[in-house]
1. In whole Å, what three semi-axes, largest first, describe the equivalent ellipsoid of the chain built from its Cα gyration tensor (square root of 5 times each eigenvalue)?
2. How large is the dipole of the chain about the Cα centre if only Lys and Arg carry +1 and Asp and Glu carry -1, each at its Cβ, rounded to the nearest 20 debye?
3. Determine which residues of the range 50-92 fall in the zone a paramagnetic label at S302 would reach in this model, i.e. backbone nitrogen under 15 Å from the point 7 Å along Cα→Cβ.
4. At 18 Å minimum axial length over the Cα atoms and a Kyte-Doolittle cut of 0.0, report the qualifying DSSP H helices in the chain, or say none.
5. Going by average Cβ density within 10 Å per residue, which order do the peptides 137-145, 91-99 take, highest to lowest?
6. Identify, among L50, F6, A218, the residue whose Cα sits farthest towards the positive end of the charge dipole of the chain, taking +1 on the Cβ of Lys and Arg and -1 on the Cβ of Asp and Glu, with the dipole about the Cα centre.
7. Could you sort 343-349, 11-17 so that the peptide with the highest average Cβ count within 10 Å comes first and the rest follow in order?
8. Provide the packing ranking of 27-34, 312-319, i.e. peptides ordered by the mean count of other C-beta atoms within 10 Å per residue, highest first.
Amino acid sequence: MLQRFFIFCSGADTAILNECSPGERTKYAGIGATVFFTAVMATIAAAYALYTVFDNYYSAIFFGIIWGLLIFNLDRFIVSTIKKRNSFFDELLQASPRIALAIIIAIVISKPLEMKIFEKEINQVLLTEKNEMTLANKDQLALQYTPSIKALETEIEGLKNEITTKEAEVNALYDTYISEAEGTAGTQKLGKGPVYKEKREKHDAALATLAELKKTNAEKIAAAETQMTTLAKEYKTKVADTQPIIDGFDGLMARVNALNKLPWLPSLFIFLLFLAIETSPILAKLLSPKSAYDLKLEEQESALKSWVTQQKAQRDVLVTTDRNINNRVYADIAEEQELYDYKRKKARELMQMQADAFYKKQKSVL
């Protein structure tokens with residue numbers, strides 16, 4: 001039962017193979033088993049690859065089975081269409097497109113399995129890339145807000161410097177009128193005379209202006225700080241909104257790129273393993289000598305080809321003979337006077353009818 005199934009997988013003609021030795025059936029059962037298990041590996045690989053895309057078990061399994069059946073059909077077709085010939089070079093030329101297709105299939109199958117085998121290493125690479133992307137994302141978003149925040153900081157610093165300058169001016173006026181009262185500067189007269197009052201009034205006016213300036217600038221500073229706080233919140237919100245995109249950066253293409261950043265030697269050996277599995281049925285048929293199955297198949301095809309050639313030749317002779325007979329028949333009929341008189345009579349009637357129709361048409365026009 002199992003042997004018959006694997007023989008079916010090999011694409012061999014079971015009617016011919018049943019006439020061969022048990023060793024021949026075992027050979028093709030082995031080829032069919034390779035085809036079958038390659039399809040199984042293809043199903044597993046495709047299911048894992050599609051799971052990284054759809055993130056759904058049912059979809060991944062369904063499409064993985066479809067892909068496995070497709071690979072099974074391709075491999076079975078490749079193996080079954082390779083025929084043994086009298087020249088190894090002709091066989092190799094015949095198999096070269098199939099070998100190229102087998103290499104492509106091996107690449108497609110091996111890549112998803114490599115990603116599963118090196119999953120931990122790939123996750124480490126992706127984690128590093130995500131961290132770098134997070135930092136880069138923060139820097140890029142900061143570029144949108146930094147000019148506005150720096151402008152506000154400059155404005156606040158200017159407002160504070162304005163207050164500081166005004167305070168220094170008021171303190172200087174305070175020292176001036178105090179020195180005038182003490183007689184240590186100005187008129188150098190002790191007491192609160194007219195000059196003292198004048199300087200005191202000037203100081204008081206400047207002090208009132210300072211108080212008003214502090215109030216006005218404090219409001220401006222508070223507004224600027226509020227605006228800075230708003231911008232900082234917007235920046236944090238954008239960082240939080242874009243972070244899930246970075247966290248989800250682990251799709252199929254990202255994993256393939258991460259795999260390519262790992263050392264290439266282990267991946268190469270895995271690919272060579274699947275390449276050997278995929279091409280082994282083809283190489284087995286190329287390297288094995290002509291067996292009883294190949295001879296019987298060649299005999300059957302040769303007999304069919306001879307029969308088709310014979311039938312075509314007979315049809316060609318039949319057509320030629322029939323044409324010659326028809327030519328002779330019509331040549332004999334053409335010489336009969338009775339047929340000539342009948343056709344002459346019908347031609348005359350036809351010409352009369354045409355003349356009558358023309359006359360009626362011309363009459364209707366007039």
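1. Details: eigenvalues 2023, 437, 46 Å².
Value: 101, 47, 15 Å, ordered largest first.
2. Values: 46 positive and 46 negative charges, 299 e Å.
That gives a dipole near 1440 debye.
3. Flagged as within label range: 84-87.
4. Details: long enough: 22-54 (47 Å, 0.85); 57-80 (34 Å, 1.40); 88-117 (40 Å, 1.15); 119-182 (87 Å, -0.61); 194-247 (78 Å, -0.71); 264-287 (31 Å, 1.75); 292-334 (63 Å, -0.73); 337-365 (42 Å, -1.42).
Span-like helices, by this rule, are 22-54, 57-80, 88-117, 264-287.
5. On the way: 137-145: 13.3, 91-99: 15.1.
Result, highest mean Cβ count within 10 Å first: 91-99, 137-145.
6. It is F6.
7. On the way: 343-349: 9.7, 11-17: 16.9.
With the highest mean Cβ count within 10 Å placed first, the list reads 11-17, 343-349.
8. Details: 27-34: 22.0, 312-319: 10.0.
Output ranking for 27-34, 312-319: 27-34, 312-319.
The numbers here are math on the coordinates, done by the rules we state, and not lab data. It should be emphasised that the depicted structure is a prediction, and the values quoted were computed from it without experimental measurement. FYI the Cβ positions are ideal-geometry reconstructions off the backbone, even for glycines, and counts take in every protein chain you see.
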